[in-house]
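Trainee: Handing you a structure now.
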Amino acid sequence: MRILLAYDGSPDAETALDHTARLFPGADVTILTVWESFPGPTAGGLMEMGSVYVDPIEVDRANQEAAGRLSAQGADRAIAAGLRARASTGRSSLGVGAAIVSTASRIDADTIVMGTRGLTRLKCFFLGSVSQAVLQHADRPVVVVPSHRVAAERRESIHRAQAL
């Protein structure tokens, strides 16, 4: 079984990784960290942003390197959990969700696993925008795993509602 695990280092992503190890022991997992392209011209020259000048190429390079380090950390954690894991990065130019779906297709993943983000108490009942985008556009099964905190809050809310 080939699994694509979307990994951003968040508690939700770590929980998704832990669940992957329990649900698919020993699976072949690609740990994908997506980095977002700098939203400006990338063909040389500095861009003025307020009173600061930035080099879009350098910003992209730094973002890609940071994603590589984060993905490698996720792969190390996955290997420690008993998975066969490799680190991978993807560049987002059309959105993180699109990069995840595209990578899943490219590696012919059997499923995509990802966390959902815990927002405010009210919003935690809804999926994050990346999870929502992947669910809407994926052509393969998607497993979305809530963080421990979000799952606990949801259980508490359900118990309160049932007590009424």
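None of the figures in this text is laboratory data; all of them are computed from the coordinates on show. Note that the coordinates shown come from a computational prediction; the quantities given were computed from them, not determined experimentally. Using ideal geometry, Cβ is built from the backbone for each residue, glycine included, and neighbour counts are taken over all protein chains shown.
Trainee: Once you put a point 7 Å from the Cα of residue 162 and another 7 Å from the Cα of residue 102, both along the Cβ direction, what distance in nm separates them?
Mentor: Result: 4.4 nm between the two label points.
Trainee: Based on the Cβ-Cβ distance of residue 93 and residue 22, what FRET efficiency does E = 1/(1 + (r/R0)^6) give at R0 = 41 Å, to the nearest 0.05?
Mentor: 0.75
Trainee: Can you list residues whose amide H is under 5 Å from residue 116's amide H, if they're 5+ apart or on another chain and H is modeled 1.01 Å from N?
Mentor: Placed amide hydrogens put 145, 147 under 5 Å from residue 116.
Trainee: Taking R0 as 25 Å, what's the FRET efficiency between residue 152 and residue 129 from their Cβ-Cβ distance, rounded to 0.05?
Mentor: Efficiency at R0 = 25 Å is approximately 0.65.
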